[in-house]
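Below: one structure, written as structure tokens.
The values are calculated or read from the model by the stated rules, or taken from the named source; none is laboratory data. In this text, all values refer to a predicted model and were calculated from it rather than measured experimentally. Cβ: placed from backbone, ideal geometry, glycine included. Neighbour counts: every protein chain shown.
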Amino acid sequence: FHSQVFMKKALSVLFLYFILSSVLQAQSVGLVLSGGGAKGLTHIGIIRALEENHIPIDYITGTSIGAVIGSLYAMGYTPDEMIALIGSEKFKLWYSGEVEGKYVYYFRKNRDTPELYNASLSFRKTSKTIKPQLFPGSVVNPIQMNLIFLEMYAGATSACGGDFDRLFVPFRCVASDIFYKRPIVMREGNLGDAVRASMSFPLIFKPTRINGVLAYDGGLYDNFPSDVMIDDFKPDIIIGSVVADDRVEAEESDLMGQLNNMIMDKGNYQLPDSLGILMSFKYNSV
């Protein structure tokens, strides 16, 4: 997977539209970034193409990986800086759940013993409110991700005072409230928590509490938040980048594909004709 390939693809697709760049420069431009996993690196190519054609981005909304890329740009990251971050060892640890060496010291370790297996039994009466946990809360250990998000986003959250309109580029991201089965639009608060919630794919990543609600990946109910862009920012022009795949039947061994088909929103990847330029990308494999 090479991000440069996607950037070139984005540049070529946008070229025809940017013939009208003088028109776009005179109007407010909103950028909507869909969810789509690793394919979301294409969003960086879109941002680079806009910058190279001197088209300002006035507003950003995003879901899942779109929220990650969108938030980085909203904080002031350049496309080159985003590529460097995503290609770094730190980013790999974020997705693998492995705790970075410099943080290991802060976690308690069990003492080494010669035993191969240890089991303890207790016959004390336990509280009825305590339920046994048969499965882990997530496939990926959340500790490293939480530490990195704190490191990445704390400064921006402090600088904007928790108001996402005061970021370098006004920003919104979407998570999902699975209890009431509705999207959650995040406009303020801790930026790291907001992005973390927006990309918390069920079972893979542990959810985050937003205002007391367990929030999961925004793609469950709104994978392309063009509605949020229109409602919150009302730009003159909307540019949409869609990297979500069409649904295909998953193989028996493809757990992620099965989960995606079961729970992710089919999505309304459309923009009003009078408002938008929609770019949709297809991939053989990523």
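Look at the stretch 218-232: where a residue is within 16 Å of Ile69 (Cβ to Cβ) and touching a residue at least 60 places away in the same chain (Cβ under 8 Å) and a partner is among the hydroxyl-bearing types (Ser, Thr, Tyr) and in a helix (DSSP H, G or I), sitting 6+ places away or on another chain with Cβ atoms under 9 Å, you get Gly218/Ser198; Gly219/Ser198. Candidates in the stretch 207-237 are the residues that are modelled with pLDDT of 95 or more and β-branched (Val, Ile, Thr); of these, the one that is surrounded by the fewest Cβ atoms within 10 Å (Cβ to Cβ) is Ile230. Does at least one position in the stretch 161-172 carry a residue that is modelled with pLDDT of 95 or more and more than 21 Å from the chain's Cα centre (by Cα)? Yes: one or more hits. Can you tell me which residue is nearest to Val243 (Cα to Cα) among those in the stretch 1-48 that are at pLDDT 90 or above and either more than 19 Å from the chain's Cα centre (by Cα) or surrounded by fewer than 24 Cβ atoms within 10 Å (Cβ to Cβ) (or both)? Across the stretch 1-48, the extreme among qualifying residues is Arg48.
Select from the stretch 174-187 the residues that are assigned to a loop (DSSP other than H, G, I, E, B) and not hydrophobic (A, V, I, L, M, F, W, C) and write down the one among them that is modelled with the highest pLDDT. Here the residue is Arg187. In this structure, is Thr61 polar (S, T, N, Q), touching a Phe, Trp or Tyr at 6+ places or on another chain (Cβ under 9 Å) and modelled with pLDDT of 85 or more? Judged against the criteria, Thr61 is a match. Tell me, yes or no, whether the stretch 188-204 has at least one residue that is of a type outside the set (Asp, Glu), crowded, with 21+ Cβ neighbours inside 10 Å and part of a strand (DSSP E or B). Looking for residues that are of a type outside the set (Asp, Glu), crowded, with 21+ Cβ neighbours inside 10 Å and part of a strand (DSSP E or B), one finds none in the stretch 188-204, hence no.
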